[in-house]
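This report refers to the structure that appears directly beneath it.
The values are calculated or read from the model by the stated rules, or taken from the named source; none is laboratory data. Quick caveat: nothing in here was measured; it's all calculated off a predicted structure. Quick reminder, even Gly has a Cβ in these numbers, built from the backbone with ideal geometry, and neighbours come from all protein chains shown. The accessibility values were calculated without ligands, DNA or RNA, using every heavy atom of the protein model including side chains. Shrake-Rupley method; radii C 1.70, N 1.55, O 1.52, S 1.80 Å.
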Amino acid sequence: MIVVMHASCTDSELEAIQQHLAARGLAARLTMGVERNIIGVIGKIDPDLEGELGVMSGVDEVIRI
């Protein structure tokens, strides 16, 4: 799963996503880009996670891969 953050997301919004993933036992790999930041999610992903992340502050799109 890839979480695409809004171009204007804050460090605290990024941290909140990473903490949420860690609480569910998942690893987060942050990639900082010029225009956007993305978080790669590694681990056994629950089907409800996509909806949970999609409504969190700073998230633009959640892509299940």
**Report entry** Cα centre as origin, Lys/Arg/Asp/Glu Cβ charges: the chain dipole, Debye
**Finding:** 260
Query raised in the report: Excluding Ile39 itself, what net charge comes from residues whose Cβ is under 12 Å from its Cβ, given Lys and Arg +1 and Asp and Glu -1?
Result: -2
Query raised in the report: To the nearest 0.05, how large is the calculated FRET efficiency for Leu30 and Val55 if R₀ is 25 Å and r is the Cβ-Cβ distance?
Result: 0.80
Query raised in the report: What does the charge add up to near Val3, with Lys and Arg as +1, Asp and Glu as -1, over the other residues with Cβ less than 10 Å from its Cβ?
Result: -3
Report task. Using a cut-off of 15 Å between beta-carbons, work out the net charge of the residues near Ile65 (Lys and Arg +1, Asp and Glu -1, Ile65 not included). Result -> +1
Query raised in the report: Of all accessible surface on the chain at a 1.4 Å probe, what whole percent is carbon and sulfur?
Result: 52
Query raised in the report: How big is the C-alpha Rg of the stretch 11-65 next to the rule-of-thumb value 2.2 N^0.38 Å, as a ratio?
Result: 1.05
Query - In sequence order, calculated HN-Hα J values of the stretch 27-40 (Karplus, 6.51, -1.76, 1.60; Hz; x Gly/Pro) - result: 9, 10, 10, 7, 10, 8, x, 5, 9, 9, 10, 10, 10, x
Query raised in the report: Using alpha carbons only, how many degrees (0 to 90, rounded to 10) separate the axis of helix 11-23 from the longest principal axis of the chain?
Result: 10
Report summary line: the stretch 8-65 accessible area per residue, 1.4 Å probe, protein heavy atoms, integer Å², reads 65
